[in-house]
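What follows is a set of notes on a single structure, which appears directly below.
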Amino acid sequence: MPLQNTTNRLRPQIINQDIDSFHGLQTISTYNTTRADASEANLQVAYQAMLTQQQAETEKLALYRAAADAARLAEWEFHNAILAMKEVVRGQYGSDSDQAQAVGLKKKSDRKRPSRKKSVAVVS
């Protein structure tokens, strides 16, 4: 048997085949083995452990998604509050003030003025 890389998840197809095999084994009344890892009791324990861990994973994934959504909403609320604060600073102190520059706005006087385009005469 080749070495198994247990750091990677098994494909769902393989898991489903294993479950089908386990359920099929339950129909064999004469199954008996001397291998402890292949005994019916060990298979039942391993199956229940897998189901328990999958359920725990699903529950934690749901909690993670809820926490990620809450964090995303909090980030947007903070961003919108900052935008509102910048509007207040611009209204209270003006677009060309040091206070506006202190909150990350560009001073109106620092903006580059648009340059005139030279018109090129086309000779036909």
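The values are calculated or read from the model by the stated rules, or taken from the named source; none is laboratory data. On a predicted model such as this, the values are computed, not experimentally measured, just so you know. Cβ atoms come from the backbone with ideal geometry, glycine included; neighbour counts cover every protein chain shown. When the accessible area is computed, the model is the full protein with side chains, heavy atoms only, and any ligands, DNA or RNA have been set aside. Shrake-Rupley method; radii C 1.70, N 1.55, O 1.52, S 1.80 Å.
Among the candidates 40, 77, which residue alone is open to solvent by less than 100 Å² (accessible area, probe 1.4 Å), without any contact (Cβ under 8 Å) to a residue 60 or more places away in the chain and charged (D, E, K, R)?
Every option except 40 fails the conditions.
Evaluate the following for residue 68: is it assigned to a helix (DSSP H, G or I), among the small types (Gly, Ala, Ser) and surrounded by 10 or more Cβ atoms within 10 Å (Cβ to Cβ)?
yes
Quick one: in the range 5-31, of everything that is of a type in the set (A, V, I, L, M, F, W, C) and part of a helix (DSSP H, G or I), which residue is surrounded by the fewest Cβ atoms within 10 Å (Cβ to Cβ)? If you could, list the steps in order and put the result at the bottom.
Narrowing the range 5-31 to residues of a type in the set (A, V, I, L, M, F, W, C): 10, 14-15, 19, 22, 25, 28.
Those left that are additionally part of a helix (DSSP H, G or I): 14-15, 19, 22, 25.
Values: 14: 10, 15: 13, 19: 13, 22: 15, 25: 13.
Top of the filtered list is 14.
Would a scan of the range 92-111 turn up a residue that is at pLDDT below 75 and either surrounded by 12 or more Cβ atoms within 10 Å (Cβ to Cβ) or part of a loop (DSSP other than H, G, I, E, B) (or both)?
So far as the range 92-111 goes, yes, one or more of its residues are at pLDDT below 75 and either surrounded by 12 or more Cβ atoms within 10 Å (Cβ to Cβ) or part of a loop (DSSP other than H, G, I, E, B) (or both).
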